[in-house]
Structures are given as structure tokens and as C-alpha cells.
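Okay, so here's the structure we're looking at.
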Number of protein chains: 2
Amino acid sequence: MSETSGRFRHRTADATVALTLDGEPLADREVVLEQTRHRFLFGCIGFDLIDHANGTAADPEGAARNAELWEGVFNFATLPFYWGRYEPERGRPDTERLLKAARWFAERGHPVKGHPLAWHTVTADWLLDLDNESIARAQVERIEREVGGFAGAIDMWDVINEVVIMPIFDKYDNGITRLCRDIGRIPMVRMVFDAAREANPSATLLLNDFDMSAAYECLIEGVLEAGIRIDALGLQSHMHQGYWGEEKTEAVLDRFSRYGLPIHFTETTIVSGDIMPPEIVDLNDHVVDSWPSTPEGEARQADEIERHYRTLLAHPSVEAVTYWGMNDAGMWLGAPGGLVRADGTPKPSYDRLHRLVNEEWGTPRTVLTTDAEGRLRFTGFLGDYRITAGDRRADVALVEPGEARVEAALA
Amino acid sequence: MSETSGRFRHRTADATVALTLDGEPLADREVVLEQTRHRFLFGCIGFDLIDHANGTAADPEGAARNAELWEGVFNFATLPFYWGRYEPERGRPDTERLLKAARWFAERGHPVKGHPLAWHTVTADWLLDLDNESIARAQVERIEREVGGFAGAIDMWDVINEVVIMPIFDKYDNGITRLCRDIGRIPMVRMVFDAAREANPSATLLLNDFDMSAAYECLIEGVLEAGIRIDALGLQSHMHQGYWGEEKTEAVLDRFSRYGLPIHFTETTIVSGDIMPPEIVDLNDHVVDSWPSTPEGEARQADEIERHYRTLLAHPSVEAVTYWGMNDAGMWLGAPGGLVRADGTPKPSYDRLHRLVNEEWGTPRTVLTTDAEGRLRFTGFLGDYRITAGDRRADVALVEPGEARVEAALA
């Protein structure tokens, strides 16, 4: 049964379900209660399930195991739309493969987010052949195509990524930095948000950044003052250089919750091996031959994962956490940041998160007894529940924290 | 005669003065030309001349020498309006003393800037007794009082200082941080700029910060997108931790000139002693018993001052540089950052800057000869010039770079 003490009260409801069978209260009966879905978005990238979803995995059995592990903990997927990889040749986007993957998740009830629509890194090289006006037009058309074309399968987007450094990024020339430097950060944000909003008015649109300094605050305040509607703030949190700890995490939450917007921790990584040296500024600069997962590192990672998720769920502004890769195989920077080893075996962190999500915060199959009026009382995390009595069942949803009175007819 | 080569072309004019005496061209005559004022603002704080201007200096002779040294190089003063010192007791502002000081500078032809009108540091302690609405009202009234009351004597203000960290400043509680955190950075900037603009519509109003990162860019872009008119951008440049060098200075200029606004280097310090360790983040945290000026440090400082001023004057956006203290006595942090030692003797840096301002970039008394049509040709830095022929004289001003054709009647 759920952990529902003080710090998670905003995530739970005290439910009273008036249960009926064929119009009569189901009095004094044993029934089975089970949470089928968390309202909180326990997310992970779904990059390495794209082949599985398309039936093109090189190792179908391994991919199926990965998919099973993924769904054992996660309920929310992020899929890659890096322009330079999605459309390396202009006019030949990788639509079908991504659409199939998005539908695979969506059909299983897992909402999908596309990442990202505008970013200066891994952007299309062919933008360099265009003048800035044409780059802007290509960017807008790209957004219209993806956001419109994937609507229904993908209704959430990291619309623009890392705007703080976008116009001053100087590692290499690229079309997006050129454009952003030319028109300015806020007009850039406005342009891409307007295009995304128009292409799918019901989509959830995020601004996403790794910069947790006052710079991102200033950007957000400028964007909001300019009247641009942001649905959620994305905060990256790659911790290759060590777990932030509660104090830093809470300070970040404190500063970025000031805007009254939902917060998504969009990119969380905590490694189970050596920590990257602190002097590295751009994580991409850290290149190592091998970066093994170690027993001590795995024990530490499990503890840190638990502390991090506890801290995030305790803050009422946080609606989503996306872990940046379940499996060490193919992970960004070769880091042992996964919850599952490259050989497919779960690390302690996987088991820890599984227990938190499904047991401490979730409600596994539990036998309860209705009262004389057919009422079932329980406290649980917000989300979807199934009540089963014999071969009849009813689904109920807890949507708001606090007292919830629900009527449910077994069908 | 002026240094007028390529990199300073935007600071100079090629003047042709048609000189007349009693209505006739003054042909083939020797005249004396002298620059009396630079258009470029070679600024310095005037804090330690306040007593001199008020006739209350403890050491009147030393103060007079300081004043003479000051005017030997500088033509633009910054006076202190730190709220906590200016009005430590509510309703008893230090108006008379500051007004007298401002007039002393203004009457000598030196424009004065007040610094700052809104800042979380050294702000009035009594704001802590007020609620945020009352703090806002007190801040606005304070601006109206100072900007309106000093108009004519002070027509330039650092309206707000260090907004980037204002709402997240956590070293101690203060009313301005409380207010800024409550209403947000941009509404705070709008409020203080609106008040200052209304109190003196012809004043030059600056946004000022020490943060040279993308954070300040984001803040500026937000403020400009919000339609708030900024007359000039203030960039602090305290170099207690070492001279920036040309590359960093040029990169900063490149990034902050993107907005098409004049740039003021508002607070420049280059020390002639030990360099503060790089790990210090808030310069105020560096407390030392004594921080002596050394012969090697003074030689280095002179070179760095020259390099710094050359870099700044070479950039067309820069309209002012304010040095943060001519004399080591009473300097911020006890640093040997002055151009003059505590005993009143000039350091090499003073002589270097004096030569640059008055000789290389200025035009000291020079004998020239008019041509057959009474024309005088010379190239000089923008500013005011006096032409003397016997006991008659004419004043001309060079206001725009390039060719300048001026008529001047000796009077």
C-alpha cells in the first residue's frame, strides 16, 4: 500500500468508492484493488525501443526483455527528434519509424514526448547552406510537420532546447545559433512556440535547459513577460559529475517553482561508476575508452536514485521525471548511467526504483473488504485503479489530492 | 596631436574650421588649438571629493591635490546614492551634501552619474519593517525624490544594479530582494525605470550588472522585449582577480553590443598589488589585513590600464569608462586599485592614463597656421576645442566622426 505520509500528501487521495454490482451496493465483499497507472509521469527515454516497436531489433529477445523492464517502472517515453539525425537529407525525414515507435508507446497507455524541435546541437547540417530567413522558415515548417503529423501519438514536446547558450554557442558553426543570434532569444522562443501551438493546440509544450543558474531564470522571466505561453519548464539534470544532493535539488526546485508552472525533470542521469571530474564544463568533452559500472558505484547509484526521486516527488510542482536511459548499452557519453547493465541484468537502482514506484508509492494487488454500504476506503497515489470482484471489474481514477468520493459500477 | 589611426577612426573627426575675425577670414595666421573636453566619458568615482566640494575635508590641501589630479585625467563623475547610507533613517536623506558635490562637478563641466537608485546591497535596513507593497512605494518615491531633485546637477543614473542576482541574493535578508523575488525581475526593472524616466525625461538611464554571462544577456533581452527603454548598458569590470585581457574584453563587447545600445564600463578596477585568488566568487568575501601596492604591481597595472582603455576605446559602442577609485585611500576592499597611492603620489598608471587621455588621444596646446582662406585643418578626438589668436578666441565642437566643416568667429 502506498506511502502516503506528510511529504507526499499532494500526490495522494483518500478515496471512498461506492461500489455497485448490477445497481446494488456490493456490501461486505472481498474485492481486489490494484493501481494500473500513476498520474505522476515516471519517464524514460524510449530511444532503444524504437527498433523493438518497429520489429527491427537485431536481438529481438533482448529487446523484448528491455521493453518488459522498461514498462515495469516507467509510464512515459521521450523519443528523439534531433533534426540532424531525423532529417539528415532535406525532405527525407525519418517519419514512419518514429511514428510506429510513438504509437507503440501510446497504445500501451504511455504518453510520449518528442525531443527536441529546435536545438543548436545535432541540428541539420544543411541549414548552413541557407540564409537566416530561410533557416527560420525551415525551422517553422519542420515544427508544423512534426507536431501536426504526430498529433495523437505525441502530444508533448520539448519545443526548444538550451536557449540560454543558443546564440553564443561557439563550438562549431550551425544554422540555429546563427538565427538565434540574429533575431534574439525571445523572438526565437516565440517563433517556435507559436508554430508548435498552432500545429497542435492541445499539446503540452516545454522550454528545456541544462542551465540551472540565474540565466535560465532570466530567460524564463523574459519569455513569460513577452506573453509566450509555456506549459511546463524542463530542467535537465545530468549528474555525471555527481549526485546533486537534496539541498541543491531543493534550491533548484525553490527557484524554478516561483513561476507557478509545472516542472519536468527532463533528463536525469546518475552514474553507477566513476564520477566525471568537476572541471569538465561541457560534458561532451569527457571522452573515455571505457567507463565501467562497479559494485560500489551501483550501491551508491541505488541510494542516490531513491533520494533524488523522493526529493522530486515531495515537491508539488514536479509532474514528471525522465530518466536518461534505462540500459547502459548505447548510453550518452558511454556513461554507466543506466538502471540496467549492458548485459540486460537490472542494477540495484532498477530494483529500488521498481519498489518505490510499484510498492511504496503504488498499490499492488491488495484484497480489501467493502463495508455494509458497499463502500471501499483506501488511500493511494493519484492515478488509475482497477477493482475486481470475481470476474467483474470497475476502473476508477484519482485525479485530485485530498478526499475523493467515487461511484463505480462493476461491469 | 591625437592618435587617429584606424582603430580609433570612430572617435575622431577631420575638421576644417573656417575661422573669421570681425567677419573676415583669418588668413595665414598662427593660432593656438587646444582640446578642452573629450566627448568620450573618462569617468571616475567622485566619492572622496564630496568633502572637498563641501569644504569639509579633514585635510584640505590633500583634498585639493586629489581634486587637481582627478581633473587632470577625468571628465565624468559617479556619486554614491547607496540607500542605506544616503537615508539610514527614513525621511532624513543626505541631500544637501550630495547636491553640493554634484554641483561642484557639474559647474566644472563634468557630467555626474548617481549610483545606484535600486540595489539589494547597502539598501535601507528600515525596508525590512515594511510589507512588499510599501517597499515598492518607498522605492518609487525615493527615485522620484532623487532623480527629480538632482535634475540639472545629475542627469545620468545607474537606475538598478545587479538585477540578475537580485531575487536570489541569499547572504542576508533585505527589502529589495524580497520585493524583486515577489514581483519578478522585469516588473522590478520596469517600475524603477518608469519612475526615473518620469522624474527626469531627459536623463540617461542605465541598467548595471557585474554578471558578464548569458544571464545578463537574457535579462537584457527580456527587458527590451518588454518594451522598457534602456539608454545605456552598464558593465562592471572589477578586476581584483586579474586583468581580463583583450580577448575576454572583446568577447564581452561583442556579446553586449548586439543590442545596439551604448555601453558604459561602469566600474573598472585593476590592482597594483597581489591578485585576489580566483576561487573567490563574491569579492566581498576577500578580507585581508593589508593589501599593499608594489613596484612590480604598479608597472603591471600601468600596462594593463593602457591595454584596457585601448581595447575599450577601439570599440564603437563604448561611450564611457568609469574607474572605481583614483586614490588607494579608502578604496573598496582595501585594494590597491587606485591610480594614486594613499600618500597622494601618482602611480605609473596615473601618468600612463594622463598621457593617453591628454596627449595621444587629446590635443594639448598646439600652434597651427590658417591657410589663405582662413581655414584651419586638423584631426582630433571628438569633443570641444578652443582656438586662440592673440586675445581673441573661438570654441568649436566636434560631435560626429568623419569629415567636419565648422565655422567659427573669434570673439
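Every number in this text was worked out from the coordinates using simple rules, so none of it is lab data. Bear in mind the structure is a predicted one, so any value in this text is a computation, not a measurement. Every residue, glycine as well, gets a Cβ built from its backbone with ideal geometry; the counts of neighbours run over all protein chains shown.
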Scanning the stretch B:345-363 for residues that are part of a helix (DSSP H, G or I) and either in contact with a helix residue (DSSP H, G or I) (Cβ under 6 Å, 6 or more places away or on another chain) or touching a residue at least 12 places away in the same chain (Cβ under 8 Å) (or both) gives B:PRO348, B:SER349, B:TYR350, B:ASP351, B:ARG352, B:LEU353, B:HIS354, B:LEU356, B:VAL357, B:ASN358, B:GLU360
Could you say which residue among B:ARG375, B:ARG393 is without any contact (Cβ under 8 Å) to a residue 60 or more places away in the chain and in contact with a Leu (Cβ under 8 Å, 6 or more places away or on another chain)?
B:ARG393
If you check every pair at least six apart or on different chains, which have Cβ atoms under 7 Å apart with a residue in the stretch A:285-313 that is in contact (Cβ under 8 Å) with a residue 60 or more places away in the chain and surrounded by 20 or more Cβ atoms within 10 Å (Cβ to Cβ) first and a residue that is assigned to a helix (DSSP H, G or I) and among the aromatic types (Phe, Trp, Tyr) second?
A:LEU313/A:PHE8
Across the stretch A:238-251, which residue is surrounded by the fewest Cβ atoms within 10 Å (Cβ to Cβ) among those that are within 22 Å of B:PRO167 (Cβ to Cβ) and more than 14 Å from chain B (Cβ to nearest Cβ)?
A:TRP244
Have a look at B:VAL287, B:VAL223, B:VAL321 and point out the one that is more than 14 Å from chain A (Cβ to nearest Cβ) and not in a strand (DSSP E or B).
B:VAL287
Quickly run through the stretch B:31-90 and pick out the residues that are of a type in the set (Lys, Arg) and within 30 Å of B:ILE387 (Cβ to Cβ).
B:ARG37, B:ARG39
Taking the stretch A:6-22 and keeping residues charged (D, E, K, R) and surrounded by fewer than 18 Cβ atoms within 10 Å (Cβ to Cβ) leaves A:ARG7, A:ARG9, A:ASP14, A:ASP22
Only one of B:VAL321, B:VAL367, B:VAL357 is among the β-branched types (Val, Ile, Thr) and more than 22 Å from B:THR266 (Cβ to Cβ). Can you tell me which?
B:VAL367
Strands (runs of 3 or more DSSP E) within the stretch B:112-218 that include 2 or more residues within 14 Å of chain A (Cβ to nearest Cβ) and closer than 30 Å to A:THR177 by Cα
B:204-209
Hey, can you tell me all the residues within the stretch A:96-110 that are surrounded by fewer than 17 Cβ atoms within 10 Å (Cβ to Cβ) and not in a helix (DSSP H, G or I)?
A:ARG108, A:GLY109
Those residues of the stretch A:204-227 which are in contact (Cβ under 8 Å) with a residue 24 or more places away in the chain, crowded, with 21+ Cβ neighbours inside 10 Å and of a type in the set (A, V, I, L, M, F, W, C) amount to A:LEU205, A:LEU206, A:LEU207, A:ALA215, A:LEU219, A:ILE220, A:VAL223
Quick one: is B:ILE230 within 14 Å of chain A (Cβ to nearest Cβ), within 22 Å of B:ALA320 (Cβ to Cβ), part of a helix (DSSP H, G or I) and in contact with a strand residue (DSSP E or B) (Cβ under 7 Å, 6 or more places away or on another chain)?
no
Would you say B:THR36 is touching a residue at least 60 places away in the same chain (Cβ under 8 Å), surrounded by fewer than 20 Cβ atoms within 10 Å (Cβ to Cβ) and within 28 Å of B:ARG310 (Cβ to Cβ)?
yes
With the structure loaded, tell me whether A:GLU71 is in a helix (DSSP H, G or I) and closer than 29 Å to A:ARG11 by Cβ or whether it fails that test.
yes
Taking the options A:PRO93, A:PRO80, A:PRO25, name whichever one is out of contact with any strand residue (DSSP E or B) (no Cβ under 9 Å at 6 or more places or on another chain) and surrounded by fewer than 20 Cβ atoms within 10 Å (Cβ to Cβ).
A:PRO93
